[in-house]
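What follows is calculated from the coordinates using simple rules that are stated; it is not laboratory data. Predicted, not measured: the structure shown is a model, and the values here were computed from it. FYI the Cβ positions are ideal-geometry reconstructions off the backbone, even for glycines, and counts take in every protein chain you see.
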Amino acid sequence: MTKPRVAVVGLGPIGLETAKRVAVDGELQLSALVDLDPAKFDKTLAELSPGAPESPSVLADLDDIGDVDIAILCTGSHFDRIAPTLRQCLRKKAQVVSSCEEMAWPWLRHPHLADVLNVEAMQAGVAMVGTGVNPGFVMDLLPVVLSSMTTGIRHVRVTRVVDASLRRLPLQRKIGATMTQEHFRKLAGANLIGHMGMGESVTLLAQGLGRHPMRAEVITSIAPVVAEHDMACNLGPIAAGQVRGMYNTGRWQGGGIEIELELTMAVGEKNPRDEIQITADRDLHLIIPGGTFGDTATVAALVNVARVVQRAKPGMRTMLDLPPAGSR
């Protein structure tokens, strides 16, 4: 069988690793690379990352590439901002797999835009889906799958604890490491910092359990995690009293069930783990010691889902709609 031709759009740390993985995949063919950074124009993977496989040269615009079957987008967290790129993909009739957090359940924040793009994708005969670790798996899809082994579900609690000192620098910046508490709260109040997608995870999980929350019913919060003593960080030193990360929650209650999600991402966090507790006719409790390592797992999610997205019905889809995307 002919391998699907794949374009990777956005060559930051995640996009670059995704392109390298596609380049050596036995079922996919890396056909195009796209990025807006002029420093990357006309360069190959091997030039951007020594030791990487050879590849096509980086182009500045998705419209400039040839025909592709699948586009993997690693370009942004906000659904409305990546909509123009999604439409470029639709014009090429390319299936879309994106790491955009809001695209995990785009109807939560942008219901009209999601409906419009759903129709446009159906007309183009392709599927578009947002995926990743969180949202996309640990705090939403995984508890849905686990819940299939019990009945009479009443409560779902998911706890994710991440030691951010092991993660990439952009994520450490995103969670506010090295900031003052005042600066963190100011940025958080403007929605300019922290994890994106908590509300989407709550909604995706609820939808998987047959419930349909309204946006106003989904309650989220974010607060700084403060260093109790001086500590080191790849971004620089963190003094006692400064921010070393963030604590993010999401909650919804209705239809006879309660959902509680708690995410702590901080430098030096102890006991990192993913933990799911389901209260039902027969309770279930799952712990992944050390947690799911987000940097590599996001790449894996994008590549593995790219293999199955062509089997999805055309339209705006979620991880609830796709067949299991096992590793190869």
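Things to note:
- Relative contact order of the chain, defined on C-alpha pairs under 8 angstrom at six or more residues apart (%): 20 percent
- Over the range 141-291, Cα pairs under 8 Å with separation of 6+ residues give a relative contact order of 37 percent.
- GluC sites (Glu not before Pro) within the range 195-272, DSSP loop, no more than 14 other Cβ atoms inside 10 Å: Glu228
- Computed from backbone phi with θ = phi - 60° and the Karplus coefficients 6.51, -1.76 and 1.60, the 3J(HN,Hα) list for the range 48-63 is 7, 9, x, x, 6, x, 5, 7, x, 7, 6, 10, 8, 9, 4, 5 Hz; x is used for glycine and proline.
- Cut-off 13 Å between beta-carbons: net charge of the residues surrounding Ala60, Lys and Arg +1, Asp and Glu -1: -4
- Set of lysines with alpha-carbon distance to Lys92 below 21 Å, sequence-local pairs under 8 removed: Lys3, Lys313
- Loop-located GluC sites (Glu not before Pro) in the range 16-123 (DSSP state other than H, G, I, E, B) with a sparse environment of at most 15 neighbouring Cβ atoms within 10 Å: Glu27, Glu54.
- Centroid-to-centroid separation of the range 264-310 and the range 167-238 [C-alpha atoms, Å]: 17 Å
- ³J(HN,Hα), Karplus 6.51/-1.76/1.60, whole Hz, each residue of the range 42-47, x for Gly, Pro: 6, 9, 9, 4, 4, 7
- Nearest-20 debye value, the chain charge dipole, Cβ charges on Lys, Arg, Asp, Glu: 280 debye
- The charge dipole of the range 46-146, taken about its Cα centre with unit charges on the Cβ atoms of Lys, Arg (+1), Asp and Glu (-1) only, comes to about 260 debye.
- For the chain, the residue among Val116, Asn191, Pro38 whose Cα projects farthest onto the positive side of the dipole built from Cβ charges is Val116.
- Amide hydrogen proximity for Val225: with H placed 1.01 Å from N in the peptide plane, the residues at 5 or more positions away or on another chain lying under 5 Å are Arg244, Gly245, Met246, Tyr247.
- Unit charges at the beta carbon, dipole of the range 236-328: most positive-side option, Leu320, Gly256, Val309: Val309
- Vicinal HN-Hα couplings computed from phi for the range 165-174 (Karplus, 6.51 cos²θ - 1.76 cosθ + 1.60; Hz; Gly/Pro x): 5, 8, 9, 5, 4, x, 5, 4, 5, 4
- From the coordinates of this entry, semi-axes √(5λ) of the Cα gyration tensor in Å is computed, and it appears in (i) 40, 23, 16; (ii) 31, 26, 18; (iii) 44, 26, 20 under the label (ii).
- Distant-in-sequence amide H partners of Ala71 (H built 1.01 Å from N, under 5 Å): Ala7, Gln95, Val96, Val97
- Test item: Cα-centred dipole of the range 167-273, Lys/Arg +1 and Asp/Glu -1 on Cβ, debye: 300 debye
- The chain: calculated mean residue ellipticity at 222 nm from DSSP helix runs of at least 4, using -39500 (n - 2.57): -8000 deg cm²/dmol
- Shape call, the range 23-181: gyration tensor on alpha carbons, a/c limit 1.5: oblate
- Loop-located trypsin sites (Lys or Arg not before Pro) in the range 95-172 (DSSP state not H, G, I, E or B) with no more than 12 neighbouring Cβ atoms inside 10 Å: Arg154.
- Taking the chain as a Gaussian network of alpha-carbon nodes connected by springs under 10 Å, the highest mean-square fluctuation of the residues Asp25, Asp115, Asp64 belongs to Asp64.
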